[in-house]
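To keep things clear, I will list the structure first and then write my remarks on it.
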């Protein structure tokens, strides 16, 4: 059985981790955008922007997902599948 405090801690840690990652990628993206024109020839400059933007978008998606999982747990008691799997693996290891 999953301890509710463990679930809460895991969800909050995931929100904090994904938020930190989003803040990091947001700064990187802003730095890349501030460096325009970078003097890099095409398509290198465009590729740099695309990569930074894609990383920022993925980080934002992960943060939103973590927030949604925390909200679903708080509102409905729904435990995300990744926590259930983690708990099952820990149970097998002991």
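Our helix-only sum for the chain, with -39,500 (n - 2.57) per DSSP H run of n ≥ 4 divided by its residues, gives a mean residue ellipticity at 222 nm of -29000 deg cm²/dmol. For a modelled paramagnetic label at residue 82, 7 Å from Cα along Cα-to-Cβ, the residues of region 1-22 in reach, with backbone nitrogen under 19 Å, are 2-22.
Please report the relative contact order for region 4-93, taking Cα pairs under 8 Å with a sequence separation of at least 6, and give it as a percent rounded to a whole number. Show your work: numbers first, answer last.
Working: 49 pairs, mean separation 34.9, N = 90.
About 39 percent, as a whole number.
Divide the volume of the convex hull of the Cα atoms of region 18-64 by its number of residues and quote the answer in cubic angstrom per residue. Could the numbers behind the result be given before it?
Numbers: hull volume 2.1 nm³, N = 47.
Given the Cα convex hull of region 18-64, per-residue volume reads 45 Å³.
Full extension of the segment from residue 57 to residue 74, taken as 0.36 nm per residue of separation minus the current Cα-Cα distance, would add 3.5 nm.
Taking Rg and Dmax of the Cα atoms in Å as calculated from this structure, the corresponding entry among (i) 18.5, 58; (ii) 14.1, 49; (iii) 11.8, 30 is (i). Residues within the reach of a label modelled at residue 24 (point 7 angstrom out along Cα to beta-carbon, backbone nitrogen below 19 Å), restricted to region 61-83, are 61-67.
Here, each number is a calculation from the coordinates, and none is a lab measurement. Given the structure is predicted, the values throughout are model-derived calculations rather than measurements. When we count neighbours, we look across all protein chains shown, and the Cβ atoms used for this are built from the backbone with ideal geometry, even at glycine.
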